[in-house]
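To start, the structure under review is shown below, and the notes come after it.
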Amino acid sequence: MDKNAIKLVIYERKDTKKKNYGYSFEAPPVNGKRKRIRKTGFPTQKAARIAGNKAIAEYCPHLAKDGID
């Protein structure tokens, strides 16, 4: 699996007084268990997308290192 196959999802979260955005993506299964990486608290969709792409780029070397790739 390469980083282009990982689907990044940007979502909007409405708190009581303000809106914020977050990202999530599903990592490849390890030992048969799925793992979802997510983080919220970004002021705009663009900021969430940039942070999400950075997180995927940081996560990808671990895929090849662990032999999942």
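Quick notes on this one:
- Heavy-atom surface of the range 10-59, accessible at 1.4 Å and reported per residue (Å²): 75
- Entries of Lys14/Lys46; Lys19/Lys39; Lys18/Lys46; Lys14/Lys54; Lys14/Lys35; Lys7/Lys35 with Cα pairs more than 19 Å apart: Lys14/Lys54; Lys14/Lys35
The values are calculated or read from the model by the stated rules, or taken from the named source; none is laboratory data. Since the model is a prediction, treat every value here as computed from it, not as a measurement. Calculation scope for accessible area: heavy atoms of the full protein, side chains included, ligands and nucleic acids excluded. Shrake-Rupley method; radii C 1.70, N 1.55, O 1.52, S 1.80 Å.
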